[in-house]
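The values are calculated or read from the model by the stated rules, or taken from the named source; none is laboratory data. These figures come from a predicted structure and were not determined experimentally. Cβ placement follows ideal geometry from the backbone for every residue including glycine, while neighbour counts extend to all protein chains displayed. When the accessible area is computed, the model is the full protein with side chains, heavy atoms only, and any ligands, DNA or RNA have been set aside. Shrake-Rupley method; radii C 1.70, N 1.55, O 1.52, S 1.80 Å.
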Amino acid sequence: MYSAIVFLPLIGCLIAGFFGRFIGARGSEIVTCSLMVLAAILSWVVLIDVGLNDGGGRVEILRWISSGDLDVSWSLRVDTLTAVMLVVVNTVSSLVHIYSIGYMHDDPHRQRFFAYLSLFTFSMLMLVTSDNFLQLFFGWEGVGLASYLLIGFWYQKPSANAAAIKAFVVNRIGDFGFALGIFAVFFVFGTIDFDTVFAKAPEQVGKTIEFLGYQIDVITLICLLLFMGAMGKSAQFLLHTWLPDAMEGPTPVSALIHAATMVTAGVFMVARLSPLFEFSPTALIVVTAIGATTAFFAATVGLVQNDIKRVIAYSTCSQLGYMFVALGVGAYSVGIFHLFTHAFFKALLFLGSGSVIHAMSDEQDIRHMGGLRKLIPFTWAMMLIGTLALTGFPFTAGFYSKDAIVEAAFAAHSGIGMYAFYATVIAAFMTSFYSWRLMFLTFHGKSRAKQDVLDHVHESPWVMLIPLVLLAVGSIVAGFLFKAYFVGDAYQSFWRTSLFTGTGNTILEDLHHVPKLVVFMPTIMMVAGFLVACLMYIWVPVLPLLMSRMFKPIYLFFLNKWYFDELYDWVFVRPAKWLGRFLWKIGDGRIIDGLGPDGVTARVIDVTNRVVRLQSGYVYHYAFAMLIGVALLVTYFMFATGGVQ
């Protein structure tokens, strides 16, 4: 069953990719969707079996690499953490597949699209079932490749090509550190097998290694290098710039990549490697600091974005910061809990926004919407549920997981913990504000759309609405149903050895004993954000314009995403282009080619052009040349033989 879950999407990818022209678009849709739904059902069976009935284990597929001391098998590691990720990945992916039948109905290349979707899912499944670092890296790079193909699916658009390249390049920066971390693991431990490395980790505590001329703690160095990969894949602060541009891909791609799969790979990786991170307080401090900064930064940018998908994209970036805060303070199951609940309501919001875009004839600017609640009431209801869950409305999925993260940050009782606490609380206010801003500008008030667009507004077909219903159910009940297993009394029996916490790590107990004000703070911020959004976009709609003029520098700072793109362009892109142009024009063109092949051929051509001029066709020219030749011969013999005797 475990092998079937992993390889069913690959089978669908191969059939749609290689035989799509024979079975047609409809055949490709049926094959890939059917296999994905089957994989999703089996994933829930595995979660029940592993989490509740002590199932799971290790399934060896084949012996992969054997070279010297490196012996790697391709094995499937199935424990509770894997089971949770299988459910998240396959459930969301299957619903995205079904949704895409309606959303991509008019696209002539649907076979290729569904093949890419299934390839992406297979790569993600390879990642979450990995039993060693090499297999983890294989899946890691696989989702990077598939995301490049999906983001740039509409390759006729220059913006889509640029976004795909940007995502690929930025992720490679993080992956460079990730690869170095894997090399360091093999250098230090002599193996890349998870269980062996985890068992040997305590022996390396306190040991140092020379890196770039400095003596650095071994475990800290490895964890920080590996975390670089997580920063790129999960769009954390400094390596986040690819995420909003990735909205150039089709909306189902946004839901798949940015809700439950690719961007959560970094969170999964840190949780999987908790036996390493637990022995490096410094690395955990870095994880917490980056997560808290990301949560705050992305929320500020989301306040002023006007593209409906970009607002939700920055929301994803912010929520990923929350997850890393939980991981950084040692509450690994809390981070995975938010990953689990976030998958439902963020996929719901992305697919709901796709339904809005579909209804509005591909319009994505919320400034050109308004008043859609009466025209597409079902989509409005689904978006409302997703918004409530995202903002942490009581008893929705986000309420349980987000509040647990805020409580865990406070319960850490450390300087970095308090920084994370205040950052996440402020981000909770901003999350509520920009979420309701999106709802009000899109669905309420007077319509600002063109009349020809309004005339064609319609509800999406059922094949797009059914996935929204299922995700809405998850957005409501996932937190309540699974709270006890992730952070409650059933924690030990559910997780067993999937997540490692040191003997001094009591964060899961401490978060239940924080002051009441801390417990209610996220809800207070949620209400405050809602009221401010009502004030600015319902009661006094002229306020946003006045405030944008009054605080224009801050408004532009947020609107331009803290100018990170411009900064990177000035610091990295332009110098790289200048260096490339210099090496091309000067180094290669003038020096290498000029002195080498091009120079030699040019001189030969010059000489031959001059010699050719002697072939004039006049007899006296040839007679003159013969006389010169005779004179040269006579002169040679005169001097070569020492003169005339």
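Computed values, structure above
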item: On Cα atoms only, tilt of 80-103 relative to the major axis of the chain in degrees; result: 80
item: The chain - charge dipole about Cα centre, Lys and Arg +1 at Cβ, Asp and Glu -1, debye rounded to 20; result: 1700
item: Loop trypsin sites (Lys or Arg not before Pro), region 329-375, which have at most 12 other Cβ atoms in a 10 Å radius of their Cβ (DSSP); result: Lys374
item: Computed over region 187-332: relative contact order in percent, which uses C-alpha pairs under 8 Å that are six or more apart; result: 25
item: Probe 1.4 Å, accessible area per residue of the chain, Å²; result: 43
item: Phi to ³J(HN,Hα) by Karplus 6.51 cos²θ - 1.76 cosθ + 1.60 over region 26-41, Hz, x for Gly, Pro; result: 5, x, 5, 5, 5, 5, 5, 5, 4, 5, 5, 4, 4, 5, 5, 4
item: Positive-end extreme of charge dipole, region 226-367 - chosen from Val253, Ile366, Phe296 (charges on Cβ); result: Phe296
item: Acute angle (nearest 10 degrees) that the helix 377-391 long axis makes with the longest principal axis of the chain, alpha-carbon atoms; result: 90
item: For Ser447, residues with placed amide H under 5 Å, excluding near neighbours; result: none
item: Set of aspartates and glutamates with alpha-carbon distance to Lys483 below 12 Å, sequence-local pairs under 8 removed; result: Asp403
item: Neighbour-limited loop hits for trypsin sites (Lys or Arg not before Pro), region 402-492 (at most 11 other Cβ within 10 Å; DSSP other than H, G, I, E, B); result: Lys446
item: Hydrodynamic radius of region 158-236 per Kirkwood, over alpha carbon pairs, in Å; result: 13.8
item: Contact order normalised by residue count of the chain, Cα under 8 Å, 6+ apart, percent; result: 12
item: Share of carbon and sulfur in the accessible heavy-atom surface of region 232-305 [1.4 Å probe, %]; result: 76
item: Cβ-Cβ FRET estimate between Tyr563 and Val540, R0 fixed at 35 Å, reported to 0.05; result: 0.70
item: Cα long-axis angle, helix 158-189 against the chain (0 to 90 degrees, to the nearest 10); result: 80
item: By accessible area with a 1.4 Å probe, ligands and nucleic acids excluded, highest first: order of Asp71, Asp54; result: Asp54, Asp71
item: Rh (Kirkwood; distinct C-alpha pairs) - the chain, Å; result: 26.9
item: Cross-link partners of Lys233 among aspartates and glutamates (Cα-Cα below 15 Å; sequence separation of 8 or more within a chain); result: Glu141, Asp175, Asp245
item: Pairs from Lys561/Lys585; Lys309/Lys402; Lys309/Lys446 whose Cα-Cα separation, in the structure shown, is over 26 Å; result: Lys561/Lys585
item: Cα centroid of region 213-257 to Cα centroid of region 20-74, whole Å; result: 25
